[in-house]
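Values quoted throughout were computed directly from the atomic coordinates according to the rules given, and no laboratory measurement underlies them. Nothing here was measured: the structure is a model prediction, and the numbers come from that model. Here Cβ is always computed from backbone atoms with ideal geometry, including for glycine, and neighbour counts include all displayed protein chains.
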Amino acid sequence: MTRIPVWVIMQPRRSTPIVPPLSVRTADAPIELSASRVLTRAREALSLETIPLPVPIDVWIEAPLGYDFAIVGDGVLPQDALGMARPTQRQIMVHESLLEQEGRFRFTCAHELAHCVLHTDLAGELSDLELPSGDNTSRIEREADRFAAAVLMPLDTISRQIARGLAECGLDERSIEILRGDDVRAVWLWRRCLLPMLATKYGVSRSAFAYRMRELRLPGGRRLVRPSLVSLLIAPERVLETLPLDRIRVDSGVPVIDP
């Protein structure tokens, strides 16, 4: 039998960019630490080596974390409420309508868990109508939002996942500085390259992930995302129609705009 030679062309292996460790502001560190402790407690109780992504916080609320958790229908929560926590009774309830919105459901679960972890000194019920919250909400709700983001998007996993996302798009370390910019290449990197992949990886909405990135810092206290860019990262696709995103391509590891 005649053997037909097979020629194997070895492609150069693409290296994964190194994204520096990320941190949060000193003011946010206590909430970040509380979220990390909850995750560590769950991981150790389940004998897991690492935290799985997406974080199954809706499953962990009851076991191993030990809170009473219920999905309820109309008439149980206050009118128009999506979730409710009773911190002193260690109870969490989430409206069944959110089961059709996985990212929103998991964020609501983590938000209500935040009340039970952070606000145990508050008697009575804490009900939430809209999640995640904007900047005009109370201190308690902002704390719960930050805790939920820290639980669902653990800080010590994000650098590695961003690095993988950049590598999958053929990008190198130089793109990290472009991520910090506010030009059209930064919009393309987040909207076309990173946000879709990372939101799916963490099981959250793209807007939730964009808000989380706004809070993170690179070494030296530099922001990972400029606040002025966030509105474009969460805007409907039609808002971006005037931007030349379709003219951007990757050239030698960085995004460039074709003339």
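State to the nearest 20 debye the size of the charge dipole of region 33-158 about its Cα centre, where the only charges are +1 on K and R beta carbons and -1 on D and E beta carbons.
Approximately 420 debye in magnitude.
Quick one: Karplus J couplings for region 177-182, per residue in order, coefficients 6.51, -1.76, 1.60, θ = phi - 60°, nearest Hz, x for Gly and Pro?
5, 5, 4, 7, x, 10
Quick check: convex hull of the Cα atoms in the chain, volume per residue, rounded to a whole Å³?
Output value, Cα hull per residue: 199 Å³.
Give me the dipole magnitude in Debye, nearest 20, for region 137-259 about the Cα centre, with unit charges on the beta carbon: positive for Lys and Arg, negative for Asp and Glu.
With only Lys, Arg, Asp and Glu charged at Cβ, the dipole is about 280 debye.
Counting only other residues whose beta carbon sits under 12 Å from that of P196, what net charge do I get with K and R as +1, D and E as -1?
With Lys, Arg at +1 and Asp, Glu at -1, the net is +2.
Got the relative contact order for region 24-142 handy, in percent, Cα pairs under 8 Å and 6 or more residues apart?
Normalised by residue count, the contact order of region 24-142 is 22 percent.
Give a residue-ordered list of calculated ³J(HN,Hα) values for region 231-239 (Karplus: 6.51 cos²θ - 1.76 cosθ + 1.60, θ = phi - 60°; whole Hz; x for Gly, Pro).
Once θ is set to phi - 60°, the couplings for region 231-239 become 4, 6, 6, 10, 6, x, 4, 4, 5 Hz.
Answer rounded, prolate or oblate for region 21-120, using the Cα gyration tensor with square roots of eigenvalues a ≥ b ≥ c: rounded when a/c is under 1.5, else prolate when a/b is larger than b/c, else oblate.
In terms of gyration-tensor shape, prolate.
Out of G170, G75, G203, any idea which swings most in a Gaussian network model of the chain, alpha carbons joined below 10 Å?
Greatest mean-square fluctuation among the candidates belongs to G75.
Determine the shape class of region 105-259: with a ≥ b ≥ c the square roots of the Cα gyration tensor eigenvalues, call it rounded for a/c under 1.5, and otherwise prolate if a/b is greater than b/c, oblate otherwise.
prolate
Using packing as a proxy for protection, rank 207-216, 33-42, 140-149, 248-257 so that the peptide with the highest average count of other Cβ atoms within 10 Å comes first.
Result, highest mean first: 140-149, 207-216, 33-42, 248-257.
By average Cβ neighbour count within 10 Å, what is the ranking of 175-187, 16-28 from highest down?
Per-residue Cβ counts within 10 Å, averaged per peptide and sorted highest first, yield 175-187, 16-28.
Could you give the dipole magnitude of the chain about its Cα centre, charging the beta-carbon of Lys and Arg +1 and that of Asp and Glu -1, in debye to the nearest 20?
That gives the chain a dipole magnitude of about 1260 debye.
What is the local net charge at A110, summed over the other residues whose Cβ is closer than 10 Å to its Cβ (Lys, Arg +1; Asp, Glu -1)?
-2
With a Cα-only, solvent-free Debye model of region 57-172, what are the log10 I(q)/I(0) values at q = 0.11, 0.12, 0.21 Å⁻¹?
-0.39, -0.46, -1.13
Can you give me the long-range amide H partners of R223? Hydrogens built in the peptide plane at 1.01 Å from N, cutoff under 5 Å, separation of 5 or more residues or another chain.
HN-HN under 5 Å from R223: L218.
Per DSSP H run of at least 4 residues, take -39500 (n - 2.57); add these up for the chain, divide by its residues and hand me the 222 nm value, nearest 500 deg cm²/dmol.
Value at 222 nm, helices only, nearest 500: -12000 deg cm²/dmol.
Which one, L218, L229, A208, is farthest towards the positive end of the dipole of the chain when Lys and Arg carry +1 and Asp and Glu -1 on their Cβ?
L218
Which order do peptides 217-229, 99-111 fall in by mean Cβ count within 10 Å, highest first?
Result, highest mean Cβ count within 10 Å first: 99-111, 217-229.
List, in order, the whole-Hz ³J(HN,Hα) value for each residue of region 65-77 obtained from phi through the Karplus relation with A = 6.51, B = -1.76, C = 1.60 and θ = phi - 60°; use x for Gly and Pro.
Once θ is set to phi - 60°, the couplings for region 65-77 become 6, x, 9, 6, 10, 9, 9, 10, x, 5, x, 9, 8 Hz.
Given Cα pairs under 8 Å that are at least 6 residues apart, what percent is the relative contact order of the chain?
That works out to 22 percent.
In terms of the Cα gyration tensor, with a ≥ b ≥ c the square roots of its eigenvalues, is region 149-229 rounded because a/c is under 1.5, prolate because a/b exceeds b/c, or oblate?
Since a/c stays below 1.5, the shape of region 149-229 is classed as rounded.
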